[in-house]
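Notes follow once the structure below has been shown.
The values are calculated or read from the model by the stated rules, or taken from the named source; none is laboratory data. Note that the structure is predicted; figures quoted are calculated from it, not measured. Every residue, glycine among them, receives a Cβ derived from its backbone with ideal geometry; neighbour counts consider all protein chains shown. Each accessible area value is taken on the protein alone, full model and side chains, heavy atoms only, with ligands, DNA and RNA left out. Shrake-Rupley method; radii C 1.70, N 1.55, O 1.52, S 1.80 Å.
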Amino acid sequence: MSDLIRALETLEETALGSLDGASDVDSLERWRLLVLGRRGSLAETLKGLGTLTADQRPKAGQVANRVKASLEASFAVRLETIQKEVRRLELGAERLDVTLPASPRPRGSLHPVTKIRREIEGAFARLGFTSVEGPEVEWDQYNFTMLNIPPDHPARDIQDSFYIDGGSGTGGEMLLRTQTSPVQIRTMLAHKPPIRIIAPGRTYRNEATDASHEAMFTQVEGLCVDRNVTMADLRGTLTAVTRVLFGPDREIRFRCGYFPFVEPGAEVDMTCHVCNGRGCRVCKRTGWIELGGAGMVHPKVLANVGIDPSVYSGWAFGCGLERFAMLRYGIDDIRLFYDNDLRFLRQFS
Amino acid sequence: MRVSLKWLQDYVDVTVSAVELGRLLTMAGIEVDAIHPVGVAWDHVWTARIDGLSRHPNADRLQLVDAYYGANRRIQVVTGATNIAVGDIVPVGLVGTRYRDSHVSPPVERTLQPTVMRGIPSEAMVMSGFELGLNDDHSGILILPTETRVGVPLSEALGDTVIELDLKGRPDGLSMIGVAREVAALTGQTVRFPDGDIQPSRARRSDEPLGVTIDAPALCPRFVSVLLKDVKIGPSPAWMQERLQAAGIRAINNVVDITNFVMIEWGQPLHAFDYDRVPRGHLVARAARAGEILQTLAAEREAVTLNPDMVVVAGHPDHGGHPYSLAGIIGGALTEISEQSTSILLEAANWKQSNVRRTARALLPRPTDASRRFERGVPQDHALPAALRAARLMVDLAGAIMVGDAIDAWPGHASRDPIRMPISECTRLLGITYQPETVASVFTRLGFAFSMHGDGPDTVFTVEAPVWRLDIEQAADLVEEVARIDGYEKVPSTIMEGALPQLPQAPSIFWEDAVRDILAGSGHAEIVPYTWTSVARLGRVPHAASSDLADLVDARVHPNVGPVRISNPASGDQEVMRTSSLQSMLDAVRAGLRHADRDVHLFDVGRIFVPRAGDLPEERRIVTIGLGAHRSGDAIGERHENSFHDLKATVEAILGRLGINGHGYIALAHPAFHPYRTAAIVLDHRPEAAGRKPVRPEDVIGVIGEVDRAVASGNGIGERVLLASLDLDRVIAKARDVVPVTPLPRFQAVIEDLAFILPDAIPAERLTSSLLRTGAPLLERLDMFDVYTGERVPVGTRSLAYTLTFRAPDHTLTGEEVTPLRAKIIAQAERQVGARLRGPDA
Ligand SMILES: [Zn+2]
């Protein structure tokens, strides 16, 4: 009997020894067949059990079971080790260089004027302002006369216009609007107060182009008409909006300013968002940045559209969207907006 | 206006620095464009006397100047100037002098270096006003007043500070007295008015007639005329020349200088006629006659032809009634003052703003000093004081005597009503509640006469309209005065308290932005082309010639109409408004291809302008997409061709976002596009009716296709380009933002694949349509999954394979239901469009 037990123990030792040599799934499978298979060495050895006496069998059986379990457990451990190694090698073959460039996929972009318009619309929407549009080819009457700029008024010099050939009709001559203020007129003619609108849109002026002037540009104007609307409300509104666009520290300053369609009128400055008012290149060392013109809607303009100026008051402001975009995105030449150079446009993706 | 501080101090004490004064004026609404310290750059410039002049030995056109500049210093200067004489006092710049060189355009600043001019060394220069940066006169050397001290730095003799004011809304700011009033109000000083005290030296004799007739009182509300005799024409005194120079006006002689001086002082333009050339001393303000010709004194000296809308000052009708001057604008040659003149007829009149403006713009290349003032408004009240002030100066400075009283014809005299301003109006408009004393003090500082009634918040001010402030007409104007003098910075920050308005957002803006998002999100860059263009450019994309469908496409996105024309374009590229955004897109694609060989994917959401008779043009919203030939592939370095169907996917994305369905694509022949790779995009499209039912014009919404090769190259593009253009307004009219959700299916579907052989000539959509119609309602979906052309199908045909999804809403379908339906679908496909089921081995 001790021969058999010894044989089992020898088998275990030899088999475990050769198990370490099985380095891949195939050799491991061969080992399994050789050792644990139906005709494997363990099975062969266990045939000797039949030669034992009944009282010897339990003892030998115990040893046989232990050896079998030991071999199977070692096999399982070895199998898992090898499988892990195989998987590691497989994945290793799939190694990527994560620093290679991303797949080439063109990114679209919105025009900077679209982007800034939406930002401004969003800021005003919070205060209940609706965006309104109007025609770019306008009647003189809406662009000038009803805005308290009668024909032969010197203020027309500031806004030299492009006129339309043979274009005259109910509203006088046709021209390319020089401001989006005619949208204010059209809105006030069509709606009774309370009114809160902004009017973004293309405008045109017959002037020489340079880094800060384009003959075609985009304006946004705002208008608020109701009882008891004040210049303080104008300042509060512009403060709120510039804080959305240019940061929470912005302050708004009014200087007296002349625009024929407002009275009192104001030039609007904002504390410089680059230097916080200390003075830098962007604000030309003044600490202030000019945003545009504003004021209380002129009583004559309100009367022109049939709103009683002794009951209602309103404020209006206007500024160039390109100018806003230039400040916001650090663009130094207005002509870039209409060059449509992809290298510029794609920077807004 | 250029305001010399030296001059300003004649009327008001300037108690703050120039910079602070500039800030105060700017905050108060008179914007300061620039502050020029006159003289700081004149480090090496001295006043010098010319002691000798001689011809340059080697150059006829050069002179040698012997300049003496004090303390036994003299220097020889070579100059090309001819306006100098021995005894003149001139500025001499020594080596190191900075000067403006006008020989190049634009002028540059240079520093004087020692040089040799035609063999003569030159280490200094005699200088013009332009070179000194003093004015724009580079016609000759600046001759300094004779009493100027010789041998002092020029800055000592001429130094000053000039503030340039931008006076958009303040006509009174075009005068020294107006600016002085403003400065006084802002700094708490008082104004000193100039001396205009004068009595006639003697009465007029019978041989010294004088008269004024106003034929056009609506255009000439006031006319003051003064007769001055024994005038001795000569140079005006240095102080006056200096002041005029600082204001940018050239000194000419005492008479002209005095009229200019008083114009700037009072803001009232004056004109001096040669009395001896005015029959009976009689001046008539009348409308010009048609075709009348006036020889003006404008620099160009051109004769102008007048019309009855214009106003002239003319002679007595009994003496021909010749026009003497263009009223309020410029004098004429007929009565011009000459060196020999001894008697002067002085005009100080008032002219209608709009008329002066219109006439000046019609006749002269630029406004004159007089017309600039009249078109902004000159107070009628200033005519007499200005005339008397000028007379006084003529007496003092030109040895004149005033003969008889001034004639003052004032048909337009009208008193302006006082303005009522309740103090509550400040609260209502500004959101500031002022103390009545604050408001009263502002009016006092401004010199406005007023009275107060009531008290506290009920105080009402009654303010006399100040004659010198034509811009003040109503309470709102006074509110602005209070705010700006008390300080605009006191306006607080609040937010409107009223109810929110119920103005709906225009859907067009919403949809425009939705389309922009889709296009930007799918890799397209938004461009914004100019909306104006040239006829030649528009012509680079041809229009349809004959086909009905192509005509309809053109009418929608590329109308063949005479464009809206700009009558005063600044350049040929701005002559018309665009009628199509196809050409501007091609321009942008071409520009994009200069820097990239792929991914030139652009879009434009903008307007085209379609003329309408007697009305503003229609401004139609168009979205145009442009693609270069290639896009990036999935892997680095890969490049794929952009196809028609790639672009179609983008168009589908847009239409899908707008909730459009039932639209389709009809093959289109259009001269701007590839004959076999182009389609019209139409709404309410029924493939089964194709060819039988005419397309309705209103259903055509756009075009998609590959640009014709010749058209592309005509626009500078040497590769395939794809364009799609949609009438967004038309699509928006049909758009739906909220599409009701279809419930998810509750029962199993039966899914089958079928492949058909279809002749190439039959559009695929006709088979699709046949299958869908026959399969309805159980055929829930139809998805094409393969298109095959090749040796395994007969020549001239292709195989189209579909996945068919059958489903009933209320039970699970059985084979018995689907089998006959499948057979019917196959049979109908054959009958309706000639499609054969593709066998397993076909
Ligand atoms: Zn700054």
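Data for the structure
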item: Carbon/sulfur fraction of accessible area - region B:45-158, other protein chains in place, 1.4 Å, %; result: 47 percent
item: Full-extension gain in nm, residue A:286 to residue A:13, via 0.36 nm per residue minus C-alpha separation; result: 89.1 nm
item: Nearest-ten-degree value, helix B:475-486 long axis tilted from longest Cα axis of chain B; result: 70 degrees
item: Flagged links, alpha-carbon separation over 26 Å, of A:192/B:352; B:648/B:734; A:59/A:84; result: A:192/B:352; A:59/A:84
item: Three-way shape label, region B:150-203, alpha-carbon gyration tensor, a/c 1.5; result: oblate
item: Under 15 Å, Cβ to Cβ, from residue A:292 - net charge with Lys/Arg +1 and Asp/Glu -1; result: +3
item: Average accessible surface area per residue within chain B, 1.4 Å rolling probe, Å²; result: 43 Å²
item: Per residue solvent-accessible surface (Å²) - chain A, probe of 1.4 Å; result: 45 Å²
item: Calculated [θ] (222 nm, deg cm²/dmol) that DSSP helices of n ≥ 4 give over the protein assembly as shown, each run adding -39,500 (n - 2.57); result: -9000 deg cm²/dmol
item: Cleavage-rule hits (GluC sites (Glu not before Pro)) in region B:249-309: DSSP loop, at most 13 neighbouring Cβ within 10 angstrom; result: B:300, B:302
item: Rounded percent of accessible protein surface that carbon and sulfur make up, region B:280-402, 1.4 Å probe; result: 49 percent
item: Pairwise FRET efficiency - residue B:684 versus residue B:813, Cβ, R0 = 30 Å, nearest 0.05; result: 0.40
item: Estimated distance in nm for a label pair at residue B:693 and residue B:462, the labels positioned 7 Å out from Cα along Cα-to-Cβ; result: 7.9 nm
item: At R0 = 35 Å, FRET efficiency that the Cβ-Cβ distance of residue B:827 and residue B:737 yields, to 0.05; result: 0.25
item: Restricting region B:140-223 to GluC sites (Glu not before Pro) in coil, as DSSP defines it, with at most 16 other Cβ within 10 Å; result: B:147
item: Mean separation of Cα contacts under 8 Å (6+ apart) over length of chain B, as relative contact order %; result: 8 percent
item: For residue A:137, net neighbour charge (Lys/Arg +1, Asp/Glu -1) across residues whose Cβ lies under 15 Å away; result: 0
item: Loop trypsin sites (Lys or Arg not before Pro), region A:233-334 (other Cβ atoms within 10 Å of the site Cβ: 13 or fewer; DSSP); result: A:278, A:281, A:284, A:285
item: Under the Karplus curve 6.51 cos²θ - 1.76 cosθ + 1.60, θ = phi - 60°, whole-Hz ³J(HN,Hα) for region A:5-13, x wherever Gly or Pro sits; result: 4, 4, 4, 4, 5, 5, 4, 4, 5
item: Ranked order, B:239, B:410 - accessible area, probe 1.4 Å, largest first; result: B:239, B:410
item: Partners for residue B:824 among lysines (Cα-Cα distance below 30 Å; same-chain residues under 8 apart left out); result: B:693
item: Amide H within-cut-off set for residue B:325, under 5 Å, with H built and near neighbours excluded; result: B:313
item: Candidate aspartates and glutamates for bridging to residue A:68, where Cα separation is under 15 Å - those fewer than 8 sequence places away on the same chain excluded; result: A:9, A:12, A:13, A:44
item: FRET efficiency estimate (nearest 0.05) - Cβ-Cβ, residue B:85 to residue B:319, R0 30 angstrom; result: 0.15
item: Relative contact order for region B:327-386, counting Cα pairs under 8 Å that sit 6 or more residues apart, in percent; result: 44 percent
item: Proximal charge balance of residue B:514 [Cβ under 10 Å; K/R count +1, D/E count -1]; result: -2
item: Acute angle (nearest 10 degrees) that the helix B:764-775 long axis makes with the longest principal axis of chain B, alpha-carbon atoms; result: 60 degrees
item: Anisotropy class of region B:45-158 from Cα gyration tensor, a/c 1.5 cut; result: rounded
item: 1.4 Å probe, heavy atoms, protein only - residues of region A:240-277 losing at least 50 Å² accessible area vs chain alone; result: A:254, A:255, A:256, A:258, A:263, A:264
item: Area buried, chain B against chain A - accessible surface, total, 1.4 angstrom probe, square angstrom; result: 7500 Å²
item: Accessible surface of region A:106-236 [probe 1.4 Å, protein heavy atoms]: carbon and sulfur percent; result: 47 percent
